[in-house]
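A.B. asks: Would you mind keeping the following structure in view while I ask a few things?
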Amino acid sequence: MAVIRDVMPAFELFQPTSIADAQKLLQQQGHDAWVLAGGMDSFDWLKDRIKKPKVVVDLSGITELKGVRTAADGIEMGAMTTLTEIIQHPIIREKYKLLAESAELVASPQIRNQGTIGGNVSQDARCWYYRAGWPCYRAGGNICYADTPEGRNREHAILYADRCVAVNPSDTAPALIALDAKFVIRTSKGERVVDAEDYFIGPDIDITRLHILKPGDLLTAIRIPSTWAGAQFHFEKVRDRNVWDFPLLNVASVMMVSSGRIERIRIAVNGAAARPLRLKVVEDAVRGKPPNAATGEMAGKLAVQGAVPLQFNAYKIPLMRNLVKRAIGGVQEATWTS
Amino acid sequence: MSDIDGKEKIEPPPSTLSRRDLIKGVIVGGVAVSSASYLFRASTLVGQSARGTGERLLTINVNGQLRRVDVMKQETLAWTLRHKLGLTGTKLGCDRAECGSCTVLIDDVPHYACSVLTHTVRDRKVLTIEGLASPDGTLHPVQQGVIDEQGFQCAFCMPGFIMASVAFLKTNPNPTRTELAHGLSGNLCRCQDYDKILTAMMRGAENMRRASRA
Ligand code: FES
Ligand code: FES
């Protein structure tokens, strides 16, 4: 499809200055309203005329959605905090470096200056059939163009595909799941706090959304408890180019090791399914074992159990196995196996 | 194409395109034919945008000047700068946050002007390549670095690279080559002139340090 380089189609723009006003607007406008955070995902949709909202609600003027604050236990980040602020924040760098590391690998410097943490975890799938406006399952149709014999699906899912084979493209999401973050959501019924992993949903629950937000809902903040402050962190992202690209796969883990044994661990991968996956099976299997190559090997094998490759993405299975292995066994000891 | 009191004057597409217009068309539209449709389409937008309600007349701070300008709700900063304010030093390459040629500074932070709504920069300071030189014409040390090292080929990407460098060097005045490359990694050069660009930007950094010592 030819790329259109022109002014976007007209929309009405609202720029509320409080969460309450934003919510009122969203409830009034219902399905017609588009929520604009940093805009790094939104503008593609609007410029390509794939999504044509009548009303855009820009959250950039809401001060209460911005910045990192210390909370009773850990920290709270407003959903409109930019990735650059998160990368540079002294407390995050000191105690929750995993998140800073994941954010640092997102896109490009300019995009990190504008892209927000709320936007990064709420962004839509990158499957190009979907992004190009093909009437696929995710767009409300009843076919998946990527999951056909000729479909280009090198970037697509190896786990939990259900009709749609798109993956979640966020780098910060698995880091937040590993850190046991809580997402604060404002709905018409009030505030709701969910575990990071429950914010994300697969096609089995809703094929048109990657997260639980319904029209009118707002993600307002993300909290990181102090549970894992200063733990042993590992984040790794594999992509084609070192700038701009979304992950083919990434892995995030937090680990507490005492007397040479893994005492506590959380590990998550993204780019493998429509939602970032917390690997509970792996966590249970490696607890009490030494964090070495043998444990990593076993963990990697467990992680990919049940994986089903498409025509062009079989490489993701050994890739995921090795990423998990390195996260647990360490990058030095672990050698890549095919 | 427009004047600063905000009323767009849309000219009909010229029947014979000058070489410069043709080049503009090729860069902006991808193929020469689309430069004509590009103008046609712009004319239909004027009517369309009139649907918007609320404040459209904005005052924005660009290069230290307060500029009064009529801005559509859906208009990007790159569009306002180039087509309303005549500041064509900011280039539009991809219009999709994927190349960096539109990089400008907003409150000293580099942003892709193609991916910022002008309505969101009302209370902020915008700096474009046109605002770098001093009023007496003395070039910014980074611009001087480009001249010293002849750093670019076609230089379409140059304004974006310079703006990204200026911002990066403000907070990292003494970077290694690798650090600077990382700082400029959000800018692409179609001529693949990266090595010389980096040399020029390193020279710019040196010029900046010298200027601040002086
Ligand atoms: S034109 Fe804005 S990044 Fe390419
Ligand atoms: S010098 Fe030609 S695009 Fe960079």
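A.B. asks: Starting from the stretch B:147-159, keep only residues that are in the same structural domain as residue B:88 (by TED's automatic domain parsing), then list their pairs with residues that are away from ligand 1 (no atom under 16 Å from the Cβ) whose Cβ atoms are within a distance under 6 Å, requiring at least 6 positions of separation or different chains.
C.D. replies: Here the result reads none, with nothing in the stretch B:147-159 linked to a residue that is away from ligand 1 (no atom under 16 Å from the Cβ).
Residues checked against (1) in contact with a Cys (Cβ under 7 Å, 6 or more places away or on another chain); (2) more than 25 Å from residue A:223 (Cα to Cα); (3) crowded, with 21+ Cβ neighbours inside 10 Å:
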{"residue": "A:91", "(1), (2), (3)": "no, no, no"}
{"residue": "A:96", "(1), (2), (3)": "no, no, yes"}
{"residue": "A:111", "(1), (2), (3)": "no, no, yes"}
{"residue": "A:133", "(1), (2), (3)": "no, yes, no"}
{"residue": "A:139", "(1), (2), (3)": "no, yes, no"}
{"residue": "A:146", "(1), (2), (3)": "yes, yes, yes"}
{"residue": "A:164", "(1), (2), (3)": "yes, yes, yes"}
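A.B. asks: Could you check the stretch A:144-263 for strands (runs of 3 or more DSSP E) lying wholly inside it with 3 or more residues that are outside the structural domain of residue A:105 (by TED's automatic domain parsing)?
C.D. replies: A:232-238, A:249-258
A.B. asks: Considering only the stretch A:51-63, state which residues are at the interface with another protein chain (Cβ under 10 Å from one of its Cβ atoms) and out of contact with any strand residue (DSSP E or B) (no Cβ under 7 Å at 6 or more places or on another chain).
C.D. replies: Across the stretch A:51-63, the qualifying residues are A:60, A:61.
A.B. asks: Taking the stretch B:106-126 only, how many residues are among the β-branched types (Val, Ile, Thr) and within 13 Å of ligand 1 (Cβ to nearest atom)?
C.D. replies: Going through the stretch B:106-126 one residue at a time, the tally reaches 1.
A.B. asks: Looking at this structure, is residue B:185 within 16 Å of ligand 1 (Cβ to nearest atom), of a type in the set (Gly, Ala, Ser) and free of Cβ contacts under 8 Å to residues at least 40 places away in the same chain?
C.D. replies: Judged against the criteria, residue B:185 is a match.
A.B. asks: Filter the stretch B:85-110 for residues that are within 11 Å of chain A (Cβ to nearest Cβ), within 21 Å of residue A:4 (Cα to Cα) and of a type outside the set (Ser, Thr, Tyr) and give the result.
C.D. replies: Those that are within 11 Å of chain A (Cβ to nearest Cβ), within 21 Å of residue A:4 (Cα to Cα) and of a type outside the set (Ser, Thr, Tyr): B:92, B:93, B:94, B:95, B:96, B:97, B:98, B:99, B:100, B:102.
A.B. asks: I want to confirm something. Restricting to the stretch B:168-211 and keeping residues that are of a type in the set (S, T, N, Q) and either within 16 Å of ligand 2 (Cβ to nearest atom) or in the same structural domain as residue B:108 (by TED's automatic domain parsing) (or both), which single residue is surrounded by the most Cβ atoms within 10 Å (Cβ to Cβ)?
C.D. replies: Once the filter is applied, the top-ranked residue is B:187.
A.B. asks: Hey, another quick one. Give all pairs with beta carbons closer than 8 Å in which a residue from the stretch A:47-71 that is in the same structural domain as residue A:215 (by TED's automatic domain parsing) meets a residue that is acidic (Asp, Glu); count only pairs at least 6 apart in sequence or on separate chains.
C.D. replies: A:67/A:85; A:68/A:76; A:68/A:85; A:69/A:76; A:70/A:76
A.B. asks: Now for a different question. Among (1) within 28 Å of residue B:61 (Cα to Cα); (2) away from ligand 1 (no atom under 16 Å from the Cβ); (3) out of contact with any Gly (no Cβ under 8 Å at 6 or more places or on another chain), there is one condition residue B:205 misses while meeting the rest; what is its number?
C.D. replies: (3)
A.B. asks: Could you grab me the full set of residues in the stretch B:107-130 that are surrounded by fewer than 20 Cβ atoms within 10 Å (Cβ to Cβ) and either in a strand (DSSP E or B) or within 16 Å of ligand 2 (Cβ to nearest atom) (or both)?
C.D. replies: Residues satisfying the conditions are B:109, B:125.
A.B. asks: What about residue B:73, is it within 9 Å of another protein chain (Cβ to nearest Cβ), away from ligand 1 (no atom under 16 Å from the Cβ), modelled with pLDDT of 95 or more and touching a strand residue (DSSP E or B) at 6+ places or on another chain (Cβ under 6 Å)?
C.D. replies: yes
A.B. asks: Now a separate question. Give the residue that is nearest to residue B:81 (Cα to Cα), with candidates limited to residues of the stretch A:1-23 that are surrounded by fewer than 15 Cβ atoms within 10 Å (Cβ to Cβ) and more than 13 Å from every other protein chain (Cβ to nearest Cβ).
C.D. replies: Looking at the filtered set, the residue picked out is A:18.
A.B. asks: Looking at (1) within 14 Å of chain A (Cβ to nearest Cβ); (2) farther than 21 Å from residue B:61 by Cα; (3) more than 16 Å from ligand 2 (Cβ to nearest atom), find the lone condition where residue B:138 falls short.
C.D. replies: All conditions are met except number (1).
A.B. asks: Now a separate question. Would you check if there is a residue in the stretch A:29-50 being of a type in the set (S, T, N, Q), surrounded by fewer than 19 Cβ atoms within 10 Å (Cβ to Cβ) and either more than 12 Å from every other protein chain (Cβ to nearest Cβ) or part of a strand (DSSP E or B) (or both)?
C.D. replies: Checking the stretch A:29-50: not a single residue is of a type in the set (S, T, N, Q), surrounded by fewer than 19 Cβ atoms within 10 Å (Cβ to Cβ) and either more than 12 Å from every other protein chain (Cβ to nearest Cβ) or part of a strand (DSSP E or B) (or both).
A.B. asks: A follow-up question, please. Is there a residue being surrounded by fewer than 24 Cβ atoms within 10 Å (Cβ to Cβ) and β-branched (Val, Ile, Thr) anywhere in the stretch A:209-221?
C.D. replies: Yes - at least one qualifying residue is present in the stretch A:209-221.
A.B. asks: Taking the conditions exactly as written (in a loop (DSSP other than H, G, I, E, B), among the hydrophobic types (A, V, I, L, M, F, W, C), at pLDDT 95 or above and out of contact with any Cys (no Cβ under 8 Å at 6 or more places or on another chain)), does residue B:139 satisfy them or not?
C.D. replies: yes
A.B. asks: Can residue B:165 be described as within 14 Å of ligand 2 (Cβ to nearest atom) and of a type in the set (Ser, Thr, Tyr)?
C.D. replies: yes
A.B. asks: Moving on. Looking at the stretch A:125-167, which of its residues are in contact with a strand residue (DSSP E or B) (Cβ under 9 Å, 6 or more places away or on another chain) and farther than 18 Å from residue A:315 by Cα?
C.D. replies: Those that are in contact with a strand residue (DSSP E or B) (Cβ under 9 Å, 6 or more places away or on another chain) and farther than 18 Å from residue A:315 by Cα: A:125, A:130, A:136, A:137, A:138, A:144.
A.B. asks: Checking residue B:133 against (1) away from every other protein chain (no Cβ under 14 Å); (2) under 22 Å from residue B:78 (Cα atoms); (3) more than 16 Å from ligand 2 (Cβ to nearest atom); (4) not in a loop (DSSP other than H, G, I, E, B), which test does it fail?
C.D. replies: With (1) away from every other protein chain (no Cβ under 14 Å); (2) under 22 Å from residue B:78 (Cα atoms); (3) more than 16 Å from ligand 2 (Cβ to nearest atom); (4) not in a loop (DSSP other than H, G, I, E, B) applied to residue B:133, the lone miss is (4).
A.B. asks: If I filter the stretch B:144-160 for residues that are part of a helix (DSSP H, G or I), over 25 Å from residue A:245 (Cβ atoms), of a type in the set (A, V, I, L, M) and away from ligand 2 (no atom under 15 Å from the Cβ), do I get at least one hit?
C.D. replies: For the stretch B:144-160, residues part of a helix (DSSP H, G or I), over 25 Å from residue A:245 (Cβ atoms), of a type in the set (A, V, I, L, M) and away from ligand 2 (no atom under 15 Å from the Cβ): absent.
The values are calculated or read from the model by the stated rules, or taken from the named source; none is laboratory data. None of these values were measured; they are calculated from a predicted model. Positions of Cβ are backbone-derived with ideal geometry, glycine not excepted, and every protein chain shown enters the neighbour counts.
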